[in-house]
Amino acid sequence: MRAAVLTGAGQYEILEVPLPQPGPGQVRIRVEGCGVCSSNLTMWEGPDWMRFPTDPGAFGHEGWGIVDAIGEGVSSVGIGERVAFIGGKAYAEYDIASASHLVRLPKELEKLDLPLEPFGCAMNIFRRSHIEAGHTVAIVGIGFIGAILVGLACNAGAKVIAISRREESLKLATLMGPCHTVPMHDHMEIIERVRELTAGKFCERAIEAVGKQWPLDLSAELTRQGGRLVIAGYHLGGPRQVNMELWNWRGFDVVNAHERDPAVSVQGMCEAVAAIESGLIDPKLLITHRFPLERLGDALDATRERQGNFVKAVVLPA
């Protein structure tokens with residue numbers, strides 16, 4: 001099979017490598033596509049701890065495709081079924097996944113590119129945010145995850161304030177649901193605008209969905225006394241600082257909304273399928289860029305640069 005191998009910082013090759021074989025409890029999937037996650041960018045930059053060359057297909061963890069072979073003891077899925085999966089080497093034509101890490105994709109969704117794992121992340125972030133009807137929710141950063149959260153929060157009956165640096169992202173937020181939009185340019189101007197929109201009370205929920213220091217600081221400023229600050233954007237990139245005096249004075253709860261239990265991730269993916277089937281989430285608004293496997297580098301660069309209408313890229317081996 002063909003697979004991408006990172007050979008150095010910002011360098012890769014497409015190699016012919018042996019087809020992987022499923023072990024007990026595993027299946028092999030013929031990969032239709034794999035989403036590009038912002039967490040991949042650290043590996044693409046080649047930090048000191050990286051070891052090159054990487055394993056074939058490494059870091060591709062948002063795959064979907066067709067079950068191609070089944071290992072011993074697997075009876076929950078059949079050959080030929082279309083699934084999304086939690087893998088780890090899906091920047092390739094085939095990947096291996098545990099049978100318990102699969103989610104069946106309904107026939108009604110067969111024409112959609114579905115990197116379901118990040119959709120599931122959004123569902124789990126929403127669940128842990130505990131958003132209720134009547135809440136005011138600030139979402140700082142309207143990328144893929146932030147846009148989905150706008151739609152979910154609006155559907156829950158919340159008043160949503162979408163904050164992002166790109167005009168295209170703010171337009172996307174209005175397509176996801178009725179919301180106020182605030183350009184993310186000046187720190188104090190944003191705080192004053194949110195103060196106006198909330199009659200000085202600020203927000204029951206503020207969700208940081210960028211992964212940088214300033215958005216985290218800003219999100220804390222927007223969280224009202226006794227509210228909840230949800231950290232959804234942080235992946236990699238080193239430590240963050242917190243204004244403990246502000247956090248203490250506001251007395252709000254802080255939630256790290258990243259899940260690491262595969263069973264919880266799979267549950268979120270199942271909930272995402274239901275949301276997509278019902279029309280609550282429209283993947284066609286969110287998957288904006290498609291690249292063949294041979295252009296993996298371009299897909300990663302596009303994810304870093306986020307130009308124009310970019311929301312999310314997928315890599316398609318076929």
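Each reported figure results from applying straightforward, stated rules to the coordinates on display, with no laboratory input. This is a predicted model, so every value here is computed, not measured. Cβ coordinates were reconstructed from backbone atoms using ideal geometry, including for glycine residues, and neighbour counts include every protein chain displayed.
Computed values, structure above
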| quantity | calculated |
| --- | --- |
| The chain: relative contact order as a whole-number percent, Cα under 8 Å and 6+ apart | 19 |
| Top positive-direction residue, dipole computed over the stretch 119-256 with Cβ charges, set T136, L172, A153 | A153 |
| Alpha-carbon Rg/Rh ratio, for the stretch 119-256, with Rh computed the Kirkwood way | 0.92 |
| Estimated translational D of the stretch 180-230 in µm²/s (Stokes, Kirkwood radius over Cα pairs; 37 °C; 0.692 mPa s) | 298 |
| DSSP bridge pairs, the chain: antiparallel proportion in percent, nearest 5 | 50 |
| Ranked M50, M176, criterion: other C-beta atoms within 10 Å, fewest first | M50, M176 |
| Inverse mean reciprocal Cα-Cα distance (Kirkwood Rh) of the chain, Å | 20.3 |
| Debye-sum result for the stretch 230-318 in log10 I(q)/I(0), which assumes one identical scatterer on each alpha carbon, at q = 0.20, 0.23 Å⁻¹ | -1.17, -1.18 |
| Fluctuation leader among T181, T54, T223 - the chain, Gaussian network, Cα springs under 10 angstrom | T54 |
| Kyte-Doolittle mean at least 0.0 and Cα axial length at least 15 Å: DSSP H helices in the chain | 116-129, 144-155, 262-278 |
| Antiparallel bridge percentage (DSSP; both residues within the stretch 119-256; nearest 5) | 0 |
| Spatial separation of Cα centroids for the stretch 274-290 and the stretch 203-246, in angstrom | 27 |
| Rg to Rh, two decimals, where the stretch 266-318 supplies the alpha carbon set and Rh follows Kirkwood | 1.07 |
| Local electrostatic count, I190, Cβ distance below 14 Å [Lys/Arg +1, Asp/Glu -1] | -4 |
| Rounded to whole Hz, the Karplus (6.51, -1.76, 1.60) HN-Hα couplings of the stretch 78-89, x for glycine and proline | x, 4, x, 6, 8, 9, 9, 8, 9, x, x, 9 |
| Out-of-range pairs (alpha-carbon distance over 30 Å; input K89/K212; K107/K212; K89/K159; K111/K159) | K107/K212; K89/K159; K111/K159 |
| Value of [θ]222 nm, deg cm²/dmol, for the chain, DSSP H segments ≥ 4, -39500 (n - 2.57) each, nearest 500 | -9500 deg cm²/dmol |
